[in-house]
Amino acid sequence: SKNEKLFETPVGRFSYKKIPLQAYSIGVDWIYDEKEGGKFIATAEKALCDKIRYDRGIGTLTQSAMLEYLKYDLRLEITNPLDSHLIEEIAIAYRSKNLKTLSEVIKKGKL
């Protein structure tokens, strides 16, 4: 919820965006193991929603345009079903029409 930052590391490039506080913790899980300790990690739904929400220049997508975007722009391959209810909750927190469309596409089983 603070200022945006960009980090270049040997592993890759990581960017952090300023997001609304009400959207911050939705779709984030706490993972703990004895070796590495605890960490917060985004669910697949949260990661996808954040990517869509902050992808500049995509405009407002229809359901068919959303499918095209997911398949051809993001080259998304879904191996586990996504939780449309969680995506809808994130969409409300972000106030995002595109995320609401994503939720509807998943509910209809088009993805």
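The values are calculated or read from the model by the stated rules, or taken from the named source; none is laboratory data. Only a predicted model underlies this, so the values are computations on that prediction, with no experimental measurement involved. Cβ sites come from the backbone with ideal geometry, for glycine too, and all protein chains shown count toward neighbours. SASA here: full protein model, heavy atoms, side chains in, ligands and nucleic acids out. Shrake-Rupley method; radii C 1.70, N 1.55, O 1.52, S 1.80 Å.
General observations
- Just one of (1) under 27 Å from T79 (Cβ atoms); (2) surrounded by 10 or more Cβ atoms within 10 Å (Cβ to Cβ); (3) among the charged types (D, E, K, R) fails for K5. It is (1).
- Screening Y32, Y16 for residues that are open to solvent by 100 Å² or more (accessible area, probe 1.4 Å) and under 15 Å from the mean Cα position of the chain (by Cα) leaves exactly one candidate, Y16.
- Annotation: T62 fulfils all but one of (1) more than 23 Å from K110 (Cα to Cα); (2) modelled with pLDDT of 95 or more; the unmet one is (1).
- Residue match in the stretch 88-105 (condition: of a type outside the set (S, T, Y), touching a helix residue (DSSP H, G or I) at 6+ places or on another chain (Cβ under 8 Å), closer than 21 Å to K17 by Cβ and not in a helix (DSSP H, G or I)): no
- Taking each residue of the stretch 89-104 that is under 14 Å from A47 (Cα atoms) and among the basic types (K, R) and looking for partners that are part of a loop (DSSP other than H, G, I, E, B) and open to solvent by less than 20 Å² (accessible area, probe 1.4 Å) with beta-carbon atoms closer than 9 Å, six or more apart or interchain, yields nothing.
- In the stretch 83-94, the qualifying residues are those that are among the aliphatic types (A, V, I, L, M) and more than 14 Å from V28 (Cα to Cα), and the one that is farthest from the chain's Cα centre (by Cα) is I92.
- Qualifying residue in the stretch 47-64 (condition: farther than 23 Å from E4 by Cα and in a helix (DSSP H, G or I)): yes
- Of everything in the stretch 35-80 that is of a type in the set (D, E) and open to solvent by less than 100 Å² (accessible area, probe 1.4 Å), the residue that is farthest from L21 (Cα to Cα) is D55.
- Checked against the criteria, A23 counts as of a type in the set (G, A, S) and touching a helix residue (DSSP H, G or I) at 6+ places or on another chain (Cβ under 6 Å).
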